[in-house]
Each structure stands twice: as structure tokens, then as C-alpha cells.
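The values are calculated or read from the model by the stated rules, or taken from the named source; none is laboratory data. No experiment lies behind these values; they were computed from the predicted model shown. Neighbour counts are summed over all protein chains in view; Cβ atoms, including those assigned to glycine, are modelled from backbone coordinates with ideal geometry. These accessible areas exclude ligands, DNA and RNA; they are computed on the full protein's heavy atoms, side chains included. Shrake-Rupley method; radii C 1.70, N 1.55, O 1.52, S 1.80 Å.
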2 protein chains.
Amino acid sequence: MKATATANSNIALVKYWGKRNEELILPYNSSISMTLDKLYTTTTVEFSKKYSKDELTIDAEKISGEELERVEKQLNLIRRAAKVSEKAKIASASNFPKAAGLASSASAFAALTLAATKALDLHLPKKELSIIARQGSGSACRSIYGGFVEWQKGTLENGEDSYARQVAPQNHWPELCMIVNVLTPKQKKIKSRAGMAQTIATSPLYKAWLETVESDLEKVRSGILEKKLSLLGQTAEMNALKMHSTMITTEPHIIYWEPETIVLMKEVMQLREEATECYFTIDGGPQVKVLCLERDAKKIEKRFSEMKEVQKTFLCKAGGDAKLIDRELF
Amino acid sequence: MKATATANSNIALVKYWGKRNEELILPYNSSISMTLDKLYTTTTVEFSKKYSKDELTIDAEKISGEELERVEKQLNLIRRAAKVSEKAKIASASNFPKAAGLASSASAFAALTLAATKALDLHLPKKELSIIARQGSGSACRSIYGGFVEWQKGTLENGEDSYARQVAPQNHWPELCMIVNVLTPKQKKIKSRAGMAQTIATSPLYKAWLETVESDLEKVRSGILEKKLSLLGQTAEMNALKMHSTMITTEPHIIYWEPETIVLMKEVMQLREEATECYFTIDGGPQVKVLCLERDAKKIEKRFSEMKEVQKTFLCKAGGDAKLIDRELF
């Protein structure tokens, strides 16, 4: 009853921002993301009668408190489905800094969900995995799939129609790249969980944000399917700026941007002025991710990696589905 | 036919952003500002038959091109009113960096309007001066008055009801301070004139901005009249963030913030966490201005002046009306 699974991180091109149901993690709007091949989490879950409680390590560090509780809650969902009560030992490791707006909880909860279900010999279709992963961390439902993925918000109160589906597979657009610039490994002060609820309650711009999302979804779907970087990139960049506008006008303000974020945003705009096509997106953190085509990717990556504001870059392409790596049944 | 006038800069607490008439400079929304005692422009205008064309110096530097054209256009309005045709020599000097979001055009066009009308022996009521100043630079209509000033947007097509009036005089709230932090004297890339039209045409948030301004005006008026810093400051800070949200979601994006802007915004939020009450506002530029009460002003100014991001601070209070300094009639 032990399994290891890996899941890639995903970065939204149309952002998820705001829950209509906090408990089930049901969003106000649908979102679309790109699964990234170079950023991933690998998680091993072992259920056994020998454990008296769930034990979690992340990057080899023992974890307690709120983070452990979130994982226990997620395992309870899966234990209930498998009709077992064994506690588990969970070891999770990511190859990128967590809680820095690189969607570490997306890959972590997707890998956890897949590993735990497989360890308990539950073989669920991806749709069901996506629904379970969603309840751990909203954007994790998208990391079940590779390629380009839409999380359909759904309308049901029980959340059974709120799950991810693939817009296009991993090999659909191999020329598209996303350069992830890591500015700083420090933990962000405001977790997005708190932020969303505050934004809905206080931002005078949240309604305007919601009203424009459907149109952004259509444009981003077309941009992906027709492989049009300008349509995809312009829409994604504006979508991110709209989301951050609702954040900064939240009371108290949620300012995820650091000084370096401004420098990098302006660098992307400068690159466009120099006729190098690229677009940025920014999540709940200071990191700036840059969409471009393969022909420009090395040049752009070099430009960023030489900036003093950038600690590390990942040149990503679309990654694959979450997958089982190893399983031992006793 | 020579006169010298001085006018103080003003910083809006409810911002002016967007013109319904570009030619007459008529705004979509009313705005409220504080006139600042420490930032001012002094302008001398001499009309004479000996000049064959208008000649302008700003801070002792000879100016041509677009800036000169704006001043010529403004003088033409005044020459028409006085029924004269003499060209003029104009010398203008400010004690703070121009075009850096410190409202240099507000004090400059208010001082120019007062000096030119006085030089031509036109003695206009403040309301008329405000209407003329507005046509040179929108926010200049507010710098005709000291204290706390509202620019009423008006509804007439000819702009005759779009002028400033005093909400409260200079001596109304002597405890209120505004600390102006100058980050950098460099000229901003995008002038607000171009920015406004782009925002109206492209920002998906502009409508939401406009819808919330009336309520902000009411709160800021009350905050001033009842001397409530928390009401005034919270409203002004959020109003500025809403304006910048419409700017960053403009296509192409108008990002007036520099890295240092982020640092200073967060410093203000940090000061509040330390129970020092203060609020920021930011105009079309990177500078961060901080509202606070006199009891905290020295401490806060010290905190900012010691930051490496800050080049200079001005500890301001409400300033006086634009005024005539000197006049020679021939």
C-alpha cells in the first residue's frame, strides 16, 4: 500500500481568483493553464496500520500545523472512497521553491491525490482524480492533465461538474515556451487562500474582473488551438494584470509584486519594443513567467538570467499528465 | 505689462483620470486635492511689442516644441480675453522636479494664468481664472485655490461649469501633513495626456473606476470637513490604487510604478502595522506621497528620508491660493 506519483506544476493563462464555495473549492470562473514540463512534485504515500497518525515531510523536512491538516483532510477524502482507515506517511519533494507563486500546491496536491489513490488500489478516471485534487487545492485539478487544460467552473452545488479537461495535449504546440523566472525563494506573506476571500468582499473591481473572464477564456482557447502567440499572450498578460488589479484594490491590499516584478514586467515590454514577441503572466507571488516561441526562447532566457533581479530561470514547454512512478502492494 | 505670480502644486486625494472633452479639458469625474505649501512654481510673463514670438524658459532653460505650443495656446486664450496681440516672454521656475508625478503642470499653468492675466490688467475672479487654467492643464484649475479644493466636473459642453472651488481653506486642518517622497528626478516615459485617452479606449476596468468616484468624493469631503484622517486616508489610498489599476490594464500598459514605488507602498503598510497611522497616494509617476498627522510627521519623514530609494522629502501642509508677487505696467 505504497505508491509514488509525480505531477507537473501548471501556470494559468486565464487565472482562477475567487471561490464560490470555500469548503469544496468551487471557483467563480473557469480558468485555463499550461502544464509545465520542468516544474514538478514527486510524492510517495504509504498507508500502514503501523502508523498512528499521518506524517508529512516536504523536501525532507517534517511538517505540522496547517499544511499537515490540509494533507490529512485530502487523505481523508481518499480513505473514505477506499473504505480504509490506515494512517499514512507522505514524503513530497518539488524541484522549485514552494509558495512563491509557482503553483507548488497544484503539483503537490495532484501528485498526492494520484499517489494516495493508487496506494489504496483505487483506479479512478482522470475526471474523478481532478475532482478530488480540486478539493485539496483548486488549481491542482488542472495538474492531473498535461498540455493545455481548462478547469470548468461547473454550476452544481456539490462540485461534481467542476473539474479539468484537456484543451490540447502536450505535443500540440511544441514551439510554445514559458520561461519561469525565480526572483526570490522567500515565502510570500499573504497566502492566496486568504487573499481571494478578501478580494471578493472588498475589491470594487472584482465584478469587472468576473465580467471579462468568459471573453478571455474564448480568446485563450482559440490562441492555443490556432497556435497564435499574439492572441494567447496579449489575453493572458491582460488577464493577469486584471487579477492583480483586484488584488491591489483589496482591503487590506494584496500586493504580491516585489520591486523586481516591476523590473521584469518592464523588461518584457521593452523586448516587445525591440520586436521580440513575448508576454508575461504573474500569479499569487512575485515571479514573472514569460510566454514566447522556441525561436526566441534562448535569447530571452539569456536576457533574464543575466539580470541581477533573477536568481534562476526554467525554460519550460508543455508537460505531461500526472503519472504513477512506482507502486508496491502488500 | 509684466507680472510675476506663484502657485502651489496640488496632489489629488480623489484623482482626475480621463477627459470627456480633450480640447477644453473637461473631465469624466470630479476630483479633490490638497494644495501643498512646499511645492510651487513662480512664473513671470512680460508682454511687449518688441517680441516677435512667444519665448519660454523653464528653470532657466529655453523651451521649444510641444511644451512651448501648450503655453502659446494658453496665452492666446488670455490675449483674446484682453483683446491684445503682443507676444510674450515667459520665465517659469519650480522648486521640484517636473513631469515626475508631482503635478508640476498644475502649479505651472496656474501661475502662468495668473501672471499673464495680471500683466494684461485683467482682474478676473478666481472662478474665471480656474476655468482658464483648466484649459492649459486640467489639474491647474485646482491650484488657483489654497487649502482643499474640488474640481467640479460640470455638465455643460462649453466647460463654463467645470472649475474648482474650495472645500476648506488653508488653515482648516493645520495638523494634516503630506510627505512627498521624490524617488528620482528622471522624466517619465508616458505623459498622462496620452495615457488617459488610452485608458478610456482600452481598460476593461475604467467603467468600474468611474462608478466608484462619487462615493469617494463624498468620503473625502467628509474626511476633510470632519478632520478624520482614517476616512480621508483610506479613501484616498484606495482611490489611487483604483486609478493605477485602470492604468496597468490599459493597452499598451501604463506602468508608472518603479521598483522603489513598491518598496515605499509596502513601507506605508508596514508603518500602519506598527500602529503609525499614514496612507499613500500616487499620481501619474513613481512618487509616493504620504498623508499623516503632525504628531507623526517628523518620525515618518525620517523613516523615508533614510531609505536608499528616497532622494528627497518635502514635508508639506496645506498651501495658500495662487498669488501675484510683482507687477509692472507700462
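On the basis of being over 17 Å from A:HIS244 (Cα atoms) and either of a type in the set (Lys, Arg) or in contact with a helix residue (DSSP H, G or I) (Cβ under 7 Å, 6 or more places away or on another chain) (or both), does B:VAL290 make the cut?
Numbers: over 17 Å from A:HIS244 (Cα atoms): yes; either of a type in the set (Lys, Arg) or in contact with a helix residue (DSSP H, G or I) (Cβ under 7 Å, 6 or more places away or on another chain) (or both): yes.
Answer is yes for this residue.
Please determine whether any residue of region A:271-293 is among the small types (Gly, Ala, Ser) and at the interface with chain B (Cβ under 8 Å from one of its Cβ atoms). No; the residues of region A:271-293 include none that is among the small types (Gly, Ala, Ser) and at the interface with chain B (Cβ under 8 Å from one of its Cβ atoms). Within region B:115-138, the set of residues being in contact with a helix residue (DSSP H, G or I) (Cβ under 8 Å, 6 or more places away or on another chain) and assigned to a loop (DSSP other than H, G, I, E, B) comprises B:LEU120, B:ASP121, B:LEU122, B:HIS123, B:LEU124, B:SER137. Pairing each residue of region B:137-157 that is at pLDDT below 95 with any residue that is surrounded by 24 or more Cβ atoms within 10 Å (Cβ to Cβ), provided the two are 6+ apart or on different chains, yields no C-beta distance under 8 Å.
Taken over region B:271-316, residues that are under 18 Å from the mean Cα position of the chain (by Cα), aliphatic (A, V, I, L, M) and open to solvent by 10 Å² or more (accessible area, probe 1.4 Å) amount to 1.
Does A:LYS266 satisfy the criteria of being closer than 27 Å to A:GLU175 by Cβ, at pLDDT 95 or above and within 7 Å of chain B (Cβ to nearest Cβ)? Against the criterion (closer than 27 Å to A:GLU175 by Cβ, at pLDDT 95 or above and within 7 Å of chain B (Cβ to nearest Cβ)), A:LYS266 qualifies. Within region A:142-183, being in contact with a Gly (Cβ under 6 Å, 6 or more places away or on another chain), open to solvent by 10 Å² or more (accessible area, probe 1.4 Å) and closer than 20 Å to A:LEU26 by Cβ holds for one residue alone: A:ASP161.
Against the numbered list (1) under 21 Å from B:ASP216 (Cβ atoms); (2) assigned to a helix (DSSP H, G or I); (3) within 9 Å of chain A (Cβ to nearest Cβ); (4) open to solvent by less than 20 Å² (accessible area, probe 1.4 Å), B:TRP257 comes up short only at (2). Of the residues making up region B:93-104, just one is farther than 13 Å from B:ILE11 by Cβ and either of a type in the set (Lys, Arg) or surrounded by 24 or more Cβ atoms within 10 Å (Cβ to Cβ) (or both), namely B:LYS98. Of the residues making up region A:16-51, those that are assigned to a strand (DSSP E or B) and closer than 18 Å to A:ALA91 by Cβ are A:TYR40, A:THR41, A:THR42, A:THR43, A:THR44, A:VAL45, A:GLU46, A:PHE47, A:SER48.
The one condition from (1) in contact with a helix residue (DSSP H, G or I) (Cβ under 8 Å, 6 or more places away or on another chain); (2) open to solvent by 20 Å² or more (accessible area, probe 1.4 Å) that B:SER31 does not meet is (2). Here B:MET265 meets each of (1) of a type outside the set (Asp, Glu); (2) closer than 30 Å to B:ALA197 by Cα; (3) open to solvent by 10 Å² or more (accessible area, probe 1.4 Å); (4) without any contact (Cβ under 8 Å) to a residue 24 or more places away in the chain with one exception, condition (3).
On the stretch given as region A:217-234, residues that are open to solvent by 10 Å² or more (accessible area, probe 1.4 Å) and more than 15 Å from A:HIS172 (Cα to Cα) total 5. Please determine whether any residue of region A:38-60 is open to solvent by less than 10 Å² (accessible area, probe 1.4 Å) and either free of Cβ contacts under 8 Å to residues at least 12 places away in the same chain or under 27 Å from A:GLU175 (Cβ atoms) (or both). Yes, that holds for at least one residue. Reported count of residues in region A:225-247, each being more than 12 Å from every other protein chain (Cβ to nearest Cβ) and more than 12 Å from A:LEU291 (Cα to Cα), is 3. The residues listed here are A:THR184, A:THR250; of these, the one that is modelled with pLDDT of 95 or more, among the polar types (S, T, N, Q) and farther than 22 Å from A:ILE32 by Cβ is A:THR250. Taken together, B:THR250, B:THR281, B:THR276 contain a single residue that is hydroxyl-bearing (Ser, Thr, Tyr), within 24 Å of A:TRP257 (Cα to Cα) and touching a Ser or Thr at 6+ places or on another chain (Cβ under 8 Å), which is B:THR250.
The set of residues in region B:69-85 that are open to solvent by less than 30 Å² (accessible area, probe 1.4 Å) and over 19 Å from the mean Cα position of the chain (by Cα) comprises B:LEU75, B:ILE78, B:ARG79, B:ALA82. Condition (residue is in a helix (DSSP H, G or I), modelled with pLDDT of 95 or more and basic (Lys, Arg)) applied to region A:223-239: is it met by at least one residue? No, the conditions are met nowhere in region A:223-239. When B:THR250 is tested against (1) in a loop (DSSP other than H, G, I, E, B); (2) open to solvent by 10 Å² or more (accessible area, probe 1.4 Å); (3) within 12 Å of chain A (Cβ to nearest Cβ), exactly one condition is not met: (2).
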